[in-house]
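Heads up, the thing below is written out as C-alpha cells.
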Amino acid sequence: QNNFYYPDVMVVCDNNDKESEFYKTKPTIIIEVLSPSTRRIDKTIKRLAYQALPTLQEYVLIEQDKAEIEVFTRSSGWQAEYYYLGDSISFASIGVTVQVEDIYYQVNNDDVLAYVKPEN
C-alpha cells in the first residue's frame, strides 16, 4: 500500500532526494501543525508512517490552540518530549535551536497572549 502524505513543513538534507519536484522521500525533519480535523491522523497514522522512513530523525507536532510542541526523535526511540513557552528546542539532526516563543510569534491563543507582555 502506497500512501502519500504532504506535511506542513519538511526539512530535507539529502541532496540526492530529487526523484520528483512534487514530493520528497528522504526527510530529516517533518513538522505538522495540529488542528481538530487533522489531530488524530497526525498523531497516529501519519506519525507511524513517517517514523518508518529511514532518514527521518525528528517528528514535530505543533498545537495551534495552546503553546505546546511535541517532538519525537529517533535517537530517543521515538519517545515524545514536550516543550512550552520559555523552552528551546534543539534539532540535533540539523544543528539548529529554536525558541518556542519564536514558533508562536504572532499567534493569538490564550497561552501566548498570557506569556507576552504588552509593550507600553
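Every test in (1) among the β-branched types (Val, Ile, Thr); (2) within 16 Å of Asn2 (Cα to Cα); (3) in contact with a Cys (Cβ under 7 Å, 6 or more places away or on another chain) is passed by Thr25 save one, and that test is (3). Thr55 passes every criterion in (1) hydroxyl-bearing (Ser, Thr, Tyr); (2) touching a Phe, Trp or Tyr at 6+ places or on another chain (Cβ under 8 Å); (3) part of a loop (DSSP other than H, G, I, E, B); (4) under 24 Å from Ile103 (Cβ atoms) apart from (2).
The rows are residues; the columns are (1) of a type in the set (A, V, I, L, M, F, W, C); (2) under 30 Å from Val112 (Cβ atoms).
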residue	(1), (2)
Asn3	no, no
Met10	yes, yes
Asp14	no, no
Glu21	no, no
Val33	yes, yes
Ser37	no, yes
Ala49	yes, no
Leu61	yes, yes
Glu68	no, yes
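A count restricted to region 70-84 and to residues that are surrounded by fewer than 13 Cβ atoms within 10 Å (Cβ to Cβ), of a type in the set (Gly, Ala, Ser) and either touching a residue at least 12 places away in the same chain (Cβ under 8 Å) or touching a strand residue (DSSP E or B) at 6+ places or on another chain (Cβ under 8 Å) (or both) stands at 1. Out of Tyr115, Tyr105, Tyr50, one residue alone is at negative phi, touching an Asp or Glu at 6+ places or on another chain (Cβ under 8 Å) and of a type in the set (Phe, Trp, Tyr). It is Tyr115. Within region 11-24, if we keep just the residues that are surrounded by 14 or more Cβ atoms within 10 Å (Cβ to Cβ) and not basic (Lys, Arg), the residue that is nearest to Asn109 (Cα to Cα) turns out to be Val11. Condition check for Arg47 on (1) under 16 Å from Tyr5 (Cα atoms); (2) part of a strand (DSSP E or B); (3) charged (D, E, K, R): one failure, at (2).
For region 32-39, the count of residues that are part of a loop (DSSP other than H, G, I, E, B), at negative phi and surrounded by 13 or more Cβ atoms within 10 Å (Cβ to Cβ) is nonzero. The set of residues in region 64-89 that are part of a strand (DSSP E or B) and closer than 19 Å to Met10 by Cβ comprises Ile69, Glu70, Val71, Phe72, Thr73, Ile89.
Any read-out appearing in this document is the output of simple, stated calculations on the displayed coordinates, not a laboratory observation. Bear in mind that the values here come from a model prediction, so they are computed numbers and not experimental data. Please note: Cβ atoms are built from the backbone with ideal geometry, for glycine as well, and neighbour counts cover all protein chains shown.
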